[in-house]
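K.L.:
Mind having a look at this structure? Questions to follow.
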Amino acid sequence: MATNSREAVGAGLPEHMTRMWRYALVLSGNRDTAEELVQAACLRALERAHQFTPGTRLDRWVFSIVHSIWLNEVRARKVRLGQGLVDADAVLVFDGLKYTEANISARQVLREVQALPEAQRETVFLVYVEGMTYREAAELLEVPIGTIMSRLAAARAKLAGLNAEAGGPPQQSNRTHG
């Protein structure tokens, strides 16, 4: 068992690499960018290992690092493109939802989830794929819990609408607010 922060981070990072990469891919939508994001997050986690409290959730801590680096990159990209400083919430939302064909396959569903606005897609990933509670996702994304609930409801409505167009049964949610 690791006895200090540096040892805890160094020993725990490898087991979270796959999940970090999936999260980075959800954020960036690009494999190469996701790889760079994970590398930067690992480097930052090791550099700032003293900030980690052993015995707490390392995965949540490194996810917050991935998220922070991504937001910084998005902001920097906007400045480089001459668009000036932007609000993070404005950057994390974009329009454009693709519609599925009559029969929805797993690949098509994943494509539709990927086409959700980034804030909704990221929230769906954290809650439904990573199993975070609404509160944990809200803390990681630094938004109110009501925003998490709103994003999930909007994402479910969009996906249910696609399902209805494809002739499928309406979807129901059993998620608790944890």
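The values are calculated or read from the model by the stated rules, or taken from the named source; none is laboratory data. This one's a predicted model, so the numbers in the text were calculated from it and none came from an experiment. Cβ coordinates were reconstructed from backbone atoms using ideal geometry, including for glycine residues, and neighbour counts include every protein chain displayed.
K.L.:
Of all the residues that make up segment 45-58, how many are surrounded by 16 or more Cβ atoms within 10 Å (Cβ to Cβ) and under 19 Å from the mean Cα position of the chain (by Cα)?
P.N.:
Initial filter on segment 45-58 (surrounded by 16 or more Cβ atoms within 10 Å (Cβ to Cβ)): 45, 49, 52, 54, 58.
Then keep just the ones that are under 19 Å from the mean Cα position of the chain (by Cα); that gives 45, 58.
So the answer is 2.
K.L.:
What single numbered condition from (1) at pLDDT 85 or above; (2) over 21 Å from A24 (Cα atoms); (3) not hydroxyl-bearing (S, T, Y) fails to hold for A164?
P.N.:
(1) is the only condition that A164 fails.
K.L.:
Let me ask you something else. Could you list, in sequence order, all residues of segment 123-137 that are outside any loop (DSSP other than H, G, I, E, B), modelled with pLDDT of 85 or more and not acidic (D, E)?
P.N.:
If we filter segment 123-137 for residues that are outside any loop (DSSP other than H, G, I, E, B), which is where we start, we get 123-129, 134-137.
Now narrow it down to the ones that are modelled with pLDDT of 85 or more: 123-127, 134-137.
Within segment 123-137, T123, V124, F125, L126, V127, Y134, R135, A137 qualify.
K.L.:
So which residues in segment 140-154 are part of a loop (DSSP other than H, G, I, E, B) and surrounded by 18 or more Cβ atoms within 10 Å (Cβ to Cβ), if there are any at all?
P.N.:
If we filter segment 140-154 for residues that are part of a loop (DSSP other than H, G, I, E, B), which is where we start, we get 142-144.
The answer is V143, and nothing else.
K.L.:
Turning to a different aspect of this structure: Write out, first by first residue and then by second, each pair whose Cβ atoms fall under 7 Å of each other, whose residues are 6+ apart or on separate chains, and whose first residue, in segment 49-60, is more than 12 Å from N4 (Cα to Cα) while the second is among the aromatic types (F, W, Y) and crowded, with 16+ Cβ neighbours inside 10 Å.
P.N.:
Correct list of pairs: L58/F52.
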